[in-house]
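So the structure is just underneath, and the comments pick up after that.
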Amino acid sequence: MAWKIIGINLSGIVISCTLIAFLIFVVLPSFYLISYIFLRWDEVWYEVFANPITGDENWRQIIMILLFSFKLSLSAVAFDLVFGVPLAYVLARKKFPGKNLLEDLVTLPLVIPTSGFGFATLITWTSSSGLSRLFGSTRLLSMNTAIPLINVPFILFIVHVALTFPYLVRTVETKIQSIEETYEIASRTLGASSLTTFRKVLLPLSIPGIFSGSVLAFARSLGETGATIIVSGVSTTASIAIVRWASEFKLSTAAFMGSLLVLIAWIMILPVEIYVSKNRRSSWRHLHIPTNLSMKIIKFERFLSRKLSIVKDIVPLIIVVILIIIPVVVVISSVTLYWSADPYTGRVEGGVVYQLFGPSRYLDLILRATLTSVIVASISTYIATCISIPLSFIIERRRYGHVLRTMLKVPLIIPTSSLGLSVLLLWGASGLCLVNSGIWMIILTHIVFSVPVIVESIIAAYEGSGVQMYEETARTLGANAYSAIEAVSLPLIKGGIFTGFILSFTHSLGETGATLIVMGRDTTIPVLVVNMVEALAIPAALFTSTYLIVLSLVMLVIIRILTQG
Amino acid sequence: MPEVRLVNVTKRYGRILANDHVNLTIRDGEYISVIGPSGCGKSTLIKNIAGIIEPDEGEIYIDGKIVNNIPIEDRGIGYVFQDIALFPHMNVWENITYGPDVKGFSPEETKTIAREIIEMIKVSARIDAYPDELSGGTQQKIAVARALMSRSSLMLLDEPLGALDLKVRSVLRYELRRIAKALGITVLHVTHDQEEAMSISDRIVVMRKGRIVESGKPLQLYMKPKNLFTANFVGEANFLVGKIEKVSEKGLLIDIGNGLKVFSTEAKGNIGDRVVVAFRPEFIILKEKIDENAFFGEITRIVYSGSLVRITVETTSGDEILIKNPLKFGEPPPETGEKLTFSIPPENVLVYPYPEAGLHKELSLE
């Protein structure tokens, strides 16, 4: 009896503490930006639409930049769809040697700090130590060489493709894995070729996965900052504009742009969320295709199924190699090339060693940034884990859980620079004035996106291991609610907690966009890469990128070991 | 017309031989069942024929043409799955017209066949209903209709009734046979339910450990199984170990120990051979007095299973023998501890040479 009374109070306290922490650390920063626009509408109006000197110049810039960002993101997602869906299918259905390796390679851009990866891609395509070495010319492309038709710089495009590819591929892969293969076999026995089967059976069934994958990829591309800032050249994307305006103290313009991005992300994700959550049946079957045409399509598919089965497997593989492996290899080989001196001029000042140990003392900066990054990642991941474990239980067990889960999607789709701006405005001098720019504000920012990452990981483990059933069994055997959680549930979801912890730690190590805005005078490693590129200290940037990539590869190996064990 | 012939079909999964040099001919228009314990390779066999998996060795002929390496969609088969596999995003009509659509039948032709098939299957469901709105039995009927729609004359049924309730199963199995016979198609029906196979097949193939143990008409497999494993797997049987004591024109006299002897009308064997004697519990006759092939024992257990009483008797030799007797109205059933005399008709006593691997291993369902 006494237990019961204490029990009720305890669970009440735990739940309310968790919810309060969740509201303050995660929800408030994600929504503050929008309310800021309403609270300070006068300032926004003055700065964006009715500046006495420039008029509505800022507004016109916002429109232009948004249009460019949209074009970039949409074309990257379109590319992802064309090549990512077949790759997802291959990963979900086929067994072949090296499959794990391929999966890891696809996931790599999720783990690699984006500024390091952006720099690697830049070096690969535009510098004399990159791909051009193979072709003999001094440089393959200029930074601003545009792709015809869509008029988007090539480098920017492939960086966005590489960084959004994993979101689409992994989401669709998971969806296809959940669809029983019997449907496909049934379709084949009824006389459909493998391509027809794909179009008529697998595609309609995996539409929810394709939609959510595309939205994730789109949101990611819209908000990408770290790599974009390095490869963008003369182009400006929305998230970079926010960083620039924030650094020029045009806070209202930045906030306006930021909240526009948040709203756009929401407008895109809400219908998809509703669509996906409903048990939908095919909606396009009413789309009538004339019999002749559909016969021609089926014949064509039958022909292609025979001829192109290998092409379908090989092309996505080539894309993965070009987009991901080559940059990583190039950046590492460039470090060795530049190790003692610039290989072309022979000057020691252009070598890695000189820059690290010479008068500019980049080594000190790197060590300092490493310390900052590790402190930030450890503290923010620790706090986020403390919030996430009870939060996951609440999400799974309470009726309002799914509302919390949807709210957790916000930090995942908000462009990171908007998020950083939101945190700056909320906690910083112009808001509550509790924290100054610097390491503590970086930690506060990283907590916001760490919680959803860890919670998703824990929930996956929770739902995959039948925790509820085992816990009920423990209760029938006489355990009370707390010892059941301690002895049964926590050990069962331990893997999920660890994976979430590592994922969030890695994410925090590599984060650039939000950090750039809230860092003040403290610097993390990815930001250091950006600074080095801006200071044209290329050898130092090469070294730091390699350092970051190696660090994240180690993390990837740890994740692999954890998820397999 | 489809005749299916398998020559030395072999399929390995790692070290496991799922199909071990299987040779089988399915005649045109035949309704054939493949039975065997789980893991015996019957599913692998049907998947080999369908092309869902490719055999490592051997050839498969459909209609005299070799079909190895021909993709599933070009083998011209109908396939019904245990887990039904109606496309969840299509309604009944879209499901059953899927085959004709992808094969390029004209819309008029499709409609004609569909009407014919729907009438034959006697589906009561609305054609615009979705699979998840229908009962399991109806779903499977529609899956059968869908497989029949492409007008293929070879149907492969992979445990088609396995996921359904007992009652629905016993009705649907006769439906399957009726439809197959009405359309004159060849059917290969895989099941683990020997009763299902017995009641609907022209011929039954018994498989074990990747090999075909025996094949024959249902009654033949039941009355005169050529093989100890079949005797145990098809129906039930009592097994006793003994030695042939006398060989005569009328049959064999077998000593089963403790002075007890069994007479069988089977003629094969030599004096002194170690043998296994098998007889069905439902052929045992309860008697008043001891005469030929009669035994005496004490009832150790009684189980009522529906219309039957299952009586376990321990004989004077210490062997346990199962007797199945119909439950009769007005006649008090025997009780545990009662003494009982019973006899086994000599023509129902089957004699097999003692298996090298031992009796237990030979009968095992592993």
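The values are calculated or read from the model by the stated rules, or taken from the named source; none is laboratory data. Keep in mind that what you see is a predicted model, and the values were worked out from it rather than measured. Cβ atoms come from the backbone with ideal geometry, glycine included; neighbour counts cover every protein chain shown.
Data for the structure
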{"item": "Only listed residue being within 19 Å of A:Ala377 (Cβ to Cβ), among the hydroxyl-bearing types (Ser, Thr, Tyr) and touching a residue at least 24 places away in the same chain (Cβ under 8 Å), chosen from A:Ser418, A:Ser437", "result": "A:Ser437"}
{"item": "Test: residue in segment B:105-120 that is free of Cβ contacts under 8 Å to residues at least 12 places away in the same chain, polar (S, T, N, Q) and within 13 Å of chain A (Cβ to nearest Cβ)", "result": "yes"}
{"item": "Residues within segment A:297-306 that are within 10 Å of chain B (Cβ to nearest Cβ) and either exposed (fewer than 13 other Cβ atoms within 10 Å of the Cβ) or outside any helix (DSSP H, G or I) (or both), tallied", "result": "1"}
{"item": "Checking B:Ile96 against (1) touching a strand residue (DSSP E or B) at 6+ places or on another chain (Cβ under 7 Å); (2) hydrophobic (A, V, I, L, M, F, W, C); (3) free of Cβ contacts under 8 Å to residues at least 60 places away in the same chain, the condition it does not meet", "result": "(1)"}
{"item": "Lone qualifier among A:Leu163, A:Leu168, A:Leu156 - being away from chain B (no Cβ under 14 Å), in contact with a Pro (Cβ under 6 Å, 6 or more places away or on another chain) and buried (at least 20 other Cβ atoms within 10 Å of the Cβ)", "result": "A:Leu163"}
{"item": "Pick from segment A:185-203, criterion surrounded by 20 or more Cβ atoms within 10 Å (Cβ to Cβ), in contact (Cβ under 8 Å) with a residue 60 or more places away in the chain and part of a helix (DSSP H, G or I), ranking: nearest to the other protein chains (Cβ to nearest Cβ)", "result": "A:Thr196"}
{"item": "Segment A:163-191, subset among the small types (Gly, Ala, Ser) and modelled with pLDDT under 90, residue nearest to A:Asp80 (Cα to Cα)", "result": "A:Ser178"}
{"item": "Among (1) assigned to a helix (DSSP H, G or I); (2) at pLDDT 85 or above; (3) touching a helix residue (DSSP H, G or I) at 6+ places or on another chain (Cβ under 6 Å), the one test that A:Asn531 misses", "result": "(3)"}
{"item": "Residue match in segment A:414-423 (condition: crowded, with 23+ Cβ neighbours inside 10 Å, aliphatic (A, V, I, L, M) and over 15 Å from A:Met519 (Cα atoms))", "result": "yes"}
{"item": "Criterion violated by B:Arg151 - all others in (1) out of contact with any Ser or Thr (no Cβ under 9 Å at 6 or more places or on another chain); (2) buried (at least 18 other Cβ atoms within 10 Å of the Cβ); (3) within 12 Å of chain A (Cβ to nearest Cβ) satisfied", "result": "(2)"}
{"item": "Selection within segment B:247-281 - exposed (fewer than 13 other Cβ atoms within 10 Å of the Cβ) and more than 19 Å from B:Ala231 (Cα to Cα)", "result": "B:Ser248, B:Glu249, B:Lys250, B:Asn258, B:Gly259, B:Asn270, B:Ile271, B:Gly272"}
{"item": "Count of segment B:181-197 residues which are in a strand (DSSP E or B) and not polar (S, T, N, Q)", "result": "4"}
{"item": "Selection from segment B:94-104 of residues that are over 17 Å from B:Gly136 (Cα atoms) and either more than 8 Å from every other protein chain (Cβ to nearest Cβ) or assigned to a helix (DSSP H, G or I) (or both)", "result": "B:Glu94, B:Thr97, B:Tyr98, B:Gly99, B:Pro100, B:Asp101, B:Val102, B:Lys103"}
{"item": "Residue list for segment B:51-69, filter: more than 20 Å from B:Ile185 (Cβ to Cβ) and of a type outside the set (S, T, N, Q)", "result": "B:Ile53, B:Glu54, B:Pro55, B:Asp56, B:Glu57, B:Gly58, B:Glu59, B:Ile66"}
{"item": "Identity of the residue in segment B:289-317, in contact with a Gly (Cβ under 8 Å, 6 or more places away or on another chain) and not in a strand (DSSP E or B), that ends up surrounded by the most Cβ atoms within 10 Å (Cβ to Cβ)", "result": "B:Ser317"}
{"item": "Given (1) farther than 30 Å from A:Lys175 by Cβ; (2) surrounded by fewer than 19 Cβ atoms within 10 Å (Cβ to Cβ); (3) β-branched (Val, Ile, Thr), index of the condition A:Val82 fails", "result": "(1)"}
{"item": "Some residue of segment B:161-180 being on the phi < 0 side of the Ramachandran plot, within 14 Å of chain A (Cβ to nearest Cβ), modelled with pLDDT under 90 and part of a loop (DSSP other than H, G, I, E, B)", "result": "yes"}
{"item": "Count of residues meeting criterion [of a type in the set (S, T, N, Q), over 24 Å from B:Ala278 (Cβ atoms) and at pLDDT below 85] in segment B:308-341", "result": "0"}
{"item": "Test: residue in segment A:207-226 that is closer than 20 Å to A:Leu421 by Cβ, among the aliphatic types (A, V, I, L, M), under 21 Å from the mean Cα position of the chain (by Cα) and assigned to a helix (DSSP H, G or I)", "result": "yes"}
{"item": "1 or more residues away from chain A (no Cβ under 13 Å), modelled with pLDDT of 90 or more and under 17 Å from the mean Cα position of the chain (by Cα): qualifying strands (runs of 3 or more DSSP E) within segment B:13-84", "result": "B:16-26, B:31-35"}
